[in-house]
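*Asks:* Questions regarding the structure given below will be posed in turn.
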Amino acid sequence: MLYEDPFGSPFTSHQILPHQSPQSPAASLPQPSIMSAPIVVPDFSGKPGDAIQSAEFLKKFRSLMNMGNIMENTCMISLFENYLKYNSPADEWFREINTMEMTWKTLEKEFLVRFPPFQKAKKSESELERELCELRLMATDLGKKVKYAGEDVWSHVTFTEKALSLA
């Protein structure tokens, strides 16, 4: 059966299952395709040169589980192992712990104890002060539009935002 959406592109309804009649409500409604952006969870090794920190790895892994509607402790724990790089410190740690009676929350806590996230280096007051003193808005730039946070804004607005972020 062919349907037409409000934007003018035709699409076909889903296939009618054997237990449905063509007149049943489920058979007569068009089924739009569900689109979603894939969540990429890079392998975690636990080595200093990893492409991802432990806390960010857990965040992406939880997002993937949520998208798949996987909430059961045993499923999450068994799938977790698949995202640890083989024979890495993280993989060795996982094989050494007893996950049989463990909850997901306990695993997360133990994982972050073993692989703590690194703290981002913060700029010192003198570094911020130096950057603020070096910040300049040239007279030739006044009245010009520049891209800031994906929008066209006046140059003096971006200058103010930068100065306030350093203050």
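The values are calculated or read from the model by the stated rules, or taken from the named source; none is laboratory data. Owing to the predicted nature of the structure, the values given are computational and were not obtained by experimental measurement. In this analysis, Cβ positions are derived from the backbone assuming ideal geometry, glycine residues included, and neighbour counts consider all displayed protein chains.
*Asks:* Mind listing whichever residues of the stretch 135-162 are under 28 Å from the mean Cα position of the chain (by Cα) and acidic (Asp, Glu)?
*Replies:* Listed by number, the residues that qualify are GLU151, ASP152, GLU161.
*Asks:* Just need a number here: residues in the stretch 145-167 that are polar (S, T, N, Q) and in a loop (DSSP other than H, G, I, E, B).
*Replies:* Of the residues in that region, 0 qualify.
*Asks:* Among the residues in the stretch 85-103, are any closer than 30 Å to LEU166 by Cβ and small (Gly, Ala, Ser)?
*Replies:* no
Matching residues to (1) under 30 Å from VAL157 (Cα atoms); (2) assigned by TED's automatic domain parsing to the domain that holds THR160; (3) among the polar types (S, T, N, Q):
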position	(1), (2), (3)
SER63	no, no, yes
MET71	no, no, no
THR74	no, no, yes
ASN82	no, no, yes
PHE94	no, no, no
MET100	no, no, no
ARG130	yes, yes, no
ALA139	yes, yes, no
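*Asks:* For the stretch 106-126, state whether one or more residues are over 25 Å from ASP43 (Cα atoms) and within 25 Å of the chain's Cα centre (by Cα). Before the answer, list the steps.
*Replies:* Looking only at the stretch 106-126, we keep the residues that are over 25 Å from ASP43 (Cα atoms), and these are 122-126.
Remaining after also requiring within 25 Å of the chain's Cα centre (by Cα): 122.
Within the stretch 106-126 (the criterion being over 25 Å from ASP43 (Cα atoms) and within 25 Å of the chain's Cα centre (by Cα)), the answer is yes, since at least one residue qualifies.
*Asks:* Could you list, in sequence order, all residues of the stretch 76-93 that are touching a Ser or Thr at 6+ places or on another chain (Cβ under 6 Å) and of a type in the set (Gly, Ala, Ser)?
*Replies:* Within the stretch 76-93, SER88, ALA90 meet the criteria.
*Asks:* Need the failing condition index for ALA37 against (1) of a type in the set (A, V, I, L, M, F, W, C); (2) surrounded by 13 or more Cβ atoms within 10 Å (Cβ to Cβ); (3) part of a loop (DSSP other than H, G, I, E, B); (4) modelled with pLDDT under 85, just the number.
*Replies:* (2)
*Asks:* Also: Identify all residues within the stretch 66-98 that are among the hydroxyl-bearing types (Ser, Thr, Tyr) and more than 27 Å from GLY49 (Cα to Cα); write none if there are none.
*Replies:* Within the stretch 66-98, THR74 is the sole residue that qualifies.
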